[in-house]
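Take a look at the structure below.
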Amino acid sequence: METIYRKIDTENIDMSAIEEATSILREGNMVAFPTETVYGLGADALNADASKKIYAAKGRPSDNPLIIHVSNISQVERVVKEVPKTARKLMDTFWPGPLTIVFKKADIVPHGTTGGLDTVAVRMPNHKVALTLIEHSDIVIAAPSANTSGRPSPTTAKHVMDDLNGKISMVLDGGPVGIGIESTIVDVTSGVPTILRPGYINKKMLEEVVGHVEIDKAILGKPDKNLKPKAPGMKYKHYAPKADFTIYEGSRDCVAEKINQVAKEYIEQGYKVGIIASDETVDLYTVGEIVSIGSREDEITISKNLYGVLRDFDDKQVDYILGESFESGELGQAIMNRLLKAAGYQVVQI
């Protein structure tokens, strides 16, 4: 299959490209497109065969549910059994934006889209290209991240092409994304809203709108292999580079000293080492391929760069990645959730 590649200006959208993408979606095929979080791999969410193609192209386990993307509230009402008051408040406050809400699914949504669950995850992306495509096609679009399953998520169209060129019908290149990590997922199907995946919209922000919010224990530690995932990313290895990745936690100077020591030992053995630092600490490192992931004073720079840094280390063919911990701040939990999964929960306390 030849993958069609189209650049698209988010401020002056070429409707011919949107029309071409719409035709592909209506034929039951796949289009990758930008959102404000990461690039999504889209297909008709109500077409079970189209959803199967997403799983096949990504190599994604079939019990890992897909997120449905919508452009208006009437589309939400088509795919869910009911919209609770809690969900209305969240939608009114955070949509369009990086928040996915889990509802009880309507019968029209195939289990092939929901990973066999009777719930469905829905969001309205805050990106002109994504919203234009959904609205123009009048298709609710199932769209996980547009990458090979388990790999770092794509934040540029190049990342999509690196993983899926020849496996999907089309890529719409809208430039680099804005946030760089996937949406927060909140389940509203039980009494208390529960975070199933942390993201840009954090617990404090949610509680200001709907009161008490819980965090699912499954996202706080290493996932149980027997877990049936309620949302994308809860069970399987995600975001992983090809190199062996270890995170070091502790005081700034002690972490830098330990990483320098370990890196030097690996290099002396003939291995290539990548080091993930921050703007505030990058000068503390003396050996290896040293990269700042962003500033701890401006966390969005870290989330935007996270997956790109991991992919760059793949391109450089490093054997080991040694990284700092990024637990603090409003985005800290979301960033660490991705880093821990990428590292396979390999953490060294200093």
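The values are calculated or read from the model by the stated rules, or taken from the named source; none is laboratory data. What you see is a predicted model, and the numbers here were worked out from it, not measured in a lab. Note: ideal-geometry Cβ built from the backbone for every residue, glycine included; neighbour counts use all protein chains shown. Quick note on the areas: whole protein, heavy atoms, side chains included, nothing else; ligands and nucleic acids left out. Shrake-Rupley method; radii C 1.70, N 1.55, O 1.52, S 1.80 Å.
A few comments on the model shown:
- Environment charge of residue 184, counting only residues whose C-beta is closer than 13 Å and scoring Lys/Arg +1, Asp/Glu -1: -1
- Across the stretch 35-104, C-alpha contacts under 8 Å between residues 6 or more apart give a mean separation that, scaled by the residue count, equals a relative contact order of 28 percent.
- With 18 Å as the limit on Cα-Cα distance, the pairs of 81/217; 7/128; 89/128; 167/316; 217/341 that go past it are 81/217; 89/128; 167/316.
- Counting only aspartates and glutamates at least 8 places from residue 204 when in the same chain, those with an alpha carbon closer than 12 Å to its own are 214, 330.
- Whole-Hz ³J(HN,Hα) from phi, Karplus 6.51 cos²θ - 1.76 cosθ + 1.60, for the stretch 306-316, glycine and proline x: 3, 5, x, 5, 4, 5, 4, 5, 4, 4, 7
- Heavy atoms of residue 330 accessible to a 1.4 Å probe, total area in Å² rounded to 10: 120 Å²
- Euclidean distance between Cα centres, the stretch 46-82 to the stretch 150-215, Å: 14 Å
- Under a 5 Å amide H cut-off, with hydrogens placed 1.01 Å from N, residue 197 pairs with 185 among residues at least 5 apart or on other chains.
- Amide H partners (placed H, <5 Å) of residue 295, local residues excluded: 279, 301, 302
- Rough spin-label spacing in nm, given labels placed 7 Å along Cα→Cβ, for residue 327 and residue 300: 2.7 nm
- Reported value for the chain: 130 Å³ per residue, from the convex hull of its C-alpha atoms.
- Each Lys or Arg adds one and each Asp or Glu subtracts one; over the other residues with Cβ under 9 Å from the Cβ of residue 112, this totals 0.
- Contour minus Cα-Cα distance for residue 111 and residue 205 (0.36 nm per residue): 30.7 nm
- Nitroxide proxy distance, nm - points 7 Å out along Cα→Cβ at residue 93 and residue 23: 4.4 nm
- Over the chain, DSSP H runs of length four or greater, each weighted -39,500 (n - 2.57), average out per residue to a 222 nm ellipticity of -10000 deg cm²/dmol.
- Solvent exposure of the chain amounts to 41 Å² per residue of accessible area, where only protein heavy atoms count and the probe is 1.4 Å.
- Placing a pseudo-label 7 Å from each Cα along the Cα-to-Cβ vector at residue 78 and residue 12 gives an inter-label distance of 3.2 nm.
- Radius 14 Å from Cβ of residue 127, net charge of other residues (Lys, Arg +1; Asp, Glu -1): -4
- Computed over the chain: relative contact order in percent, which uses C-alpha pairs under 8 Å that are six or more apart: 19 percent
- Protein heavy-atom surface of the chain, 1.4 angstrom probe: 46% of the accessible area is carbon and sulfur, with nucleic acids and ligands not counted.
- Solution diffusion estimate, µm²/s, Stokes-Einstein, the stretch 1-104, Kirkwood Rh from C-alpha pairs, 4 °C, viscosity 1.567 mPa s: 83 µm²/s
- Pairwise FRET efficiency - residue 317 versus residue 282, Cβ, R0 = 22 Å, nearest 0.05: 0.55
- Angle of helix 85-94 to the longest C-alpha principal axis of the chain, folded into 0 to 90 degrees and rounded to 10: 60°.
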